[in-house]
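Down below is the structure, laid out as structure tokens.
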């Protein structure tokens, strides 16, 4: 009997809870009927226990029916129920397990960024940098087709060996953004950022933005040229153009970004 005891800490899924309820019903009715057999035949307690055992069954079946119909969504496992809540409330809901996974993914992305920089070099941007050694395979780039110089930018990227992973802004109701922003993922290695600035800034962009891609809303690229995002950005000024033209390193770019941050208009 000891081996068949229910261990509450092992009941982690709704279907297991239903099974535990079924076992509980059987055990309860067994106890009721066993106790009834030990009472006198004419006693009211004996009749009450027998009736209770009979009534327990339809009550349990009714409760099970309600759970499987009205509360069916709540009987899903945690991962699926969190997705259900996200869709129902129009808000992203993460359970602890997913949050832990996201944290590990974030750490892996940062480690990958460091490994990429060590492979391609983290030296300041300058004429001696071998741009052909920069690997873009892990860092997808997207370009807004509505940019006035789209074709020229496209050809410049191709000439710079920077492949495009996506072209956006081509939906029927798309309009150009109010500001032309180059959005760069925080995880993008500095060498990649510097190369993109060198290639793109001559086309008159209004600013640059560092941001965290939201994979759950299908932000699958790490660079959006002509982004529609909101938040803070750093205005492009002659100072940045001069830094890029001469020589720029990571601390220069960070200092410039913090110095020139502005608020993007809401979409």
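Miscellaneous remarks
- For residue 187, the test of being over 12 Å from residue 144 (Cα atoms) and touching a residue at least 12 places away in the same chain (Cβ under 8 Å) is passed.
- Restricting the stretch 214-260 to residues that are in a strand (DSSP E or B) and at pLDDT 85 or above, the residue that is surrounded by the most Cβ atoms within 10 Å (Cβ to Cβ) is 225.
- Boolean, residue 199 is within 27 Å of residue 238 (Cα to Cα) and touching a strand residue (DSSP E or B) at 6+ places or on another chain (Cβ under 7 Å): no
- Check on residue 181, surrounded by 15 or more Cβ atoms within 10 Å (Cβ to Cβ), touching a helix residue (DSSP H, G or I) at 6+ places or on another chain (Cβ under 8 Å) and assigned by TED's automatic domain parsing to the domain that holds residue 137: no
- Taken over the stretch 156-178, the criterion of being assigned to a loop (DSSP other than H, G, I, E, B), surrounded by fewer than 18 Cβ atoms within 10 Å (Cβ to Cβ) and touching a helix residue (DSSP H, G or I) at 6+ places or on another chain (Cβ under 7 Å) is satisfied by 160, 161, 164.
The values are calculated or read from the model by the stated rules, or taken from the named source; none is laboratory data. Computed from a predicted model, the values in this text were never measured in an experiment. Every residue, glycine among them, receives a Cβ derived from its backbone with ideal geometry; neighbour counts consider all protein chains shown.
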